[in-house]
Amino acid sequence: MSFQIRPYHKNDAPAIRDIINDAILNTFHNYDYDPKPLEEVEKLFEDKLSAGFPVLVGTIGDEVCAYATYGMFRAKPGYRRTIEHSIYLNKKAQGQGLGSEMMRQLIQIATDQGYHVMIAGMDSENLGSYRFHERLGFKEVARFPEVAFKFGKWLNLVFMQLTINPDQPPY
């Protein structure tokens, strides 16, 4: 199955909302409880684009099957060279190589924009995401036990890190 990766357009928002809401309602991959309305998803991506952050969309045929983006890791200026990314694929897109290619492109954009470190945060039971990030060179740097609660149980958050621009000056 072939796929394409392209920049986000506002008309992608309904399909991306469905991908996000599936993760919220059916998995531990997203710690939100309530499905996102379309307007909230549109605003989220408008804000990202306005701030200069990329939003990539993965398609198979004409179907939007995935998205990837990043934003600031923390709001304080000392973190300005560190970003945290999100990548979500629907079931159809998994195992097709789309996620890996989207991440390679996202990492290249972040490198070109002068970021130093990319962070991935995931639930400790999301072993697919953990292995996916390991294959891309991410290393586990922190594990926070019982910091979230969803579906009647305490959840453990894992942070993984990739240094993308080792020689990037901090200014």
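We did not get these values from a lab; they are worked out from the coordinates using the rules stated. Since the structure is predicted, the reported quantities are computational estimates derived from the model, not experimental observations. As a convention, Cβ positions derive from the backbone with ideal geometry for all residues, glycine included, and neighbour counts pool all protein chains shown.
Counting only DSSP beta bridges with both residues in the chain, the antiparallel share comes to about 90 percent.
Taken about its Cα centre, segment 4-163 carries a charge dipole of about 520 debye when Lys and Arg each add +1 at the Cβ and Asp and Glu each add -1 at the Cβ. Simple rule: put +1 on each Lys or Arg Cβ and -1 on each Asp or Glu Cβ in segment 31-171, find the dipole, and look at Ile164, Ser100, Gln113; the Cα lying farthest toward the positive end is Ile164.
Could you work out the Kirkwood radius for the chain, taking every pair of different alpha carbons, averaging 1/r and inverting it, reported in Å? Mean inverse Cα-Cα distance, inverted, gives 16.6 Å. Normalising by residue count, segment 68-129 has a Cα convex hull of 87 Å³ per residue. Which entries in the list Lys36/Lys91; Lys10/Lys48; Lys48/Lys76; Lys10/Lys36; Lys36/Lys150 go over 22 Å, if you measure between the two C-alpha atoms of each? Cα-Cα > 22 Å for no pair; all within.
When the Cα positions of Phe144, Leu89, Gly71 are compared along the charge dipole of the chain, Phe144 comes out farthest toward the positive end, with charges on each C-beta of Lys, Arg, Asp and Glu. With the helix formula -39500 (n - 2.57) applied to DSSP H stretches of n ≥ 4, the chain reaches a computed 222 nm mean residue ellipticity of -9500 deg cm²/dmol.
Applying the criteria of a DSSP loop state and at most 12 other Cβ atoms within 10 Å to the chymotrypsin sites (Phe, Trp or Tyr not before Pro) of segment 4-48 yields Tyr33.
Taking other residues whose beta carbon is less than 12 angstrom from the beta carbon of Gly114, and scoring Lys, Arg as +1 and Asp, Glu as -1, yields 0. Comparing Tyr70, Tyr79, Tyr115 in a Gaussian network model of the chain, where Cα atoms under 10 Å apart are tied by springs, the biggest mean-square fluctuation is seen for Tyr79.
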